[in-house]
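Single-structure report; data block below.
The values are calculated or read from the model by the stated rules, or taken from the named source; none is laboratory data. Quick caveat: nothing in here was measured; it's all calculated off a predicted structure. Here Cβ is always computed from backbone atoms with ideal geometry, including for glycine, and neighbour counts include all displayed protein chains.
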Amino acid sequence: MRHYPTCENVGGIAGAMLVLLSFMGMAAAQEASRNDVLAWKAGRFYLEGQPFAEISFNKFDLFWAVNDARLAAAKEGTRAGLDKALAAQEEALCEIREIGCRTIRIFGSPWGTVSGVYDDPAQRAEMFAAMDAVLAMCERQGVKVIYSLGAAGFHDQQPRKKKVGEVSRDDATRPEGLYELVADAHSRSRTRLCAYIDEVIARYRHSRAIAMWEITNELTNQADIGKREWGQSPTLAQVAAFSDQVAARIKAGDPMRLVSNGGSHLRESAWNLFQRKGWRKDSMEEHGNAFGLVFAKSAVDVIDIHYYAVRTGGYEIVGTAGRTLPLTPSRYMEFARGLGKALIFGEFAALPSKFDGDKSPEAGWFSGYDDPGAKAWVQKAVDSVVEAGIPLSYYWAYGSDRPMDQNPNPTYLDKKRTPALIQIIVEANHRLKAKLGTM
């Protein structure tokens with residue numbers, strides 16, 4: 001049996017180990033086998049050859065924290081801040097492993113539009129050096145990651161060139177936006193994205209720390225919503241084709257791992273928006289059509305839903321006789337089973353009030369994760385996942401230190417600051433495993 005550092009000892013070794021590993025890269029790591037990655041067989045996830053399920057956490061800021069600390073250290077000429085950041089992230093991973101979680105979800109690209117960073121050789125090298133250190137840390141702690149590639153961030157930053165014979169128009173020279181990236185497989189943005197995917201896959205496909213690839217974050221939310229500040233939105237069909245094409249590209253470089261679309265939920269009006277009927281909520285049949293369009297014939301293996309409890313029952317479509325029909329975790333399972341696809345909740349939570357604007361989700365809602373009233377809502381969120389038998393779910397979010405997660409209503413979760421909430425999630429994880437008969 002492999003032994004991992006205890007959380008009490010981890011701070012002292014983090015800096016020295018990660019300095020060494022950042023120079024060694026991934027070359028010294030033992031090459032991944034099929035047992036090291038998530039598999040989907042006969043309606044179940046497998047890890048290390050055994051049926052697998054868990055409720056774990058988003059550690060979305062893991063890469064960002066390491067990357068930002070490295071950049072700051074280079075600029076300031078001192079390692080003090082870097083060593084502190086490395087120790088904090090290593091300790092968080094150790095805590096996650098200690099409470100029984102084997103996998104986490106992370107964002108594997110810098111903030112904002114990735115293409116600007118990727119275009120600069122120095123920034124690109126630093127980005128990969130930071131990820132080398134992150135994956136080495138995860139390998140050491142025995143935590144595997146769902147690696148979100150951030151594909152939808154590859155908007156081209158150069159002016160769009162007119163094609164020969166193209167009629168002039170107002171936006172002919174604007175930078176390529178999300179529409180060009182998603183809808184045009186021959187755009188410069190897509191060419192750059194393909195180069196990025198090929199490089200990431202080639203660099204990390206042998207890492208034992210990567211459980212599964214994720215295409216991007218919440219692209220389905222951008223379908224059929226008209227013009228925005230970044231230009232025209234793609235259609236649901238274009239999002240489906242993009243996801244299929246990118247998943248196929250990933251698999252060409254790494255046929256061993258599953259590919260997730262990366263959420264979020266389909267909008268409650270997804271099919272009606274696609275049919276140009278406006279924001280009328282879908283019926284169950286219409287919503288099923290939308291799921292079928294995106295996933296039925298796709299190279300994407302895993303449907304990722306981001307499920308936030310903002311009111312009783314969650315998101316809503318239209319049932320019989322015009323009545324409201326809540327899109328519960330169990331109904332998402334129905335859609336996935338009907339398509340023969342795996343389902344995960346890449347993000348889920350009961351978030352504190354005012355986290356998303358000034359919405360008041362429900363009477364008695366809690367004001368922050370440090371609010372005693374949070375216990376009932378966190379319990380309700382995890383109970384819904386256990387009841388539906390969602391095999392993999394990632395609560396939002398472990399140990400975040402972003403200012404927006406501190407004020408006005410704290411949204412961090414960790415063993416030190418919110419032990420009672422962590423215990424609720426740990427106990428639900430045990431119940432889920434027992435229900436599904438997994439490790």
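Which one of these is surrounded by fewer than 21 Cβ atoms within 10 Å (Cβ to Cβ), touching a Pro at 6+ places or on another chain (Cβ under 6 Å) and at pLDDT 95 or above: 183, 129, 202?
Numbers: 129 fails: touching a Pro at 6+ places or on another chain (Cβ under 6 Å); 202 fails: touching a Pro at 6+ places or on another chain (Cβ under 6 Å).
Of the residues listed, the single one that is surrounded by fewer than 21 Cβ atoms within 10 Å (Cβ to Cβ), touching a Pro at 6+ places or on another chain (Cβ under 6 Å) and at pLDDT 95 or above is 183.
For region 285-294, indicate whether the set of residues that are part of a strand (DSSP E or B) and either touching a helix residue (DSSP H, G or I) at 6+ places or on another chain (Cβ under 7 Å) or modelled with pLDDT of 90 or more (or both) is non-empty.
no
Taking region 271-314 as the region of interest, how many residues are in contact with a His (Cβ under 8 Å, 6 or more places away or on another chain) and within 20 Å of residue 342 (Cβ to Cβ)?
Matching residues across region 271-314 total 3.
Here is a check on your reading of the model: is residue 306 of a type outside the set (D, E, K, R), in a loop (DSSP other than H, G, I, E, B) and in contact (Cβ under 8 Å) with a residue 40 or more places away in the chain?
Against the criterion (of a type outside the set (D, E, K, R), in a loop (DSSP other than H, G, I, E, B) and in contact (Cβ under 8 Å) with a residue 40 or more places away in the chain), residue 306 does not qualify.
Based on this model, can you work out whether residue 217 counts as assigned to a loop (DSSP other than H, G, I, E, B) and touching a residue at least 24 places away in the same chain (Cβ under 8 Å)?
yes
Looking only at residues that are in contact with a strand residue (DSSP E or B) (Cβ under 9 Å, 6 or more places away or on another chain) and either within 19 Å of residue 236 (Cβ to Cβ) or among the charged types (D, E, K, R) (or both) in region 312-332, which one is modelled with the lowest pLDDT?
Per the criteria, the residue is 315.
Only one of (1) modelled with pLDDT of 95 or more; (2) crowded, with 17+ Cβ neighbours inside 10 Å; (3) not in a strand (DSSP E or B) fails for residue 46. Which number is that?
(3)
Could you grab me the full set of residues in region 365-398 that are touching a strand residue (DSSP E or B) at 6+ places or on another chain (Cβ under 7 Å) and touching a residue at least 60 places away in the same chain (Cβ under 8 Å)?
If the condition is that a residue be touching a strand residue (DSSP E or B) at 6+ places or on another chain (Cβ under 7 Å) and touching a residue at least 60 places away in the same chain (Cβ under 8 Å), then 381, 382, 385, 390, 391, 392, 393, 394, 395, 396, 397, 398 are the ones that fit.
Of the conditions (1) farther than 21 Å from residue 100 by Cα; (2) of a type outside the set (S, T, N, Q); (3) crowded, with 16+ Cβ neighbours inside 10 Å; (4) modelled with pLDDT of 95 or more, residue 337 clears all except one; give me its number.
(3)
I'm trying to understand the selection: among the residues of region 82-109, which are touching a strand residue (DSSP E or B) at 6+ places or on another chain (Cβ under 8 Å), of a type in the set (D, E, K, R) and under 15 Å from residue 63 (Cβ atoms)?
Listed by number, the list holds a single entry, 105.
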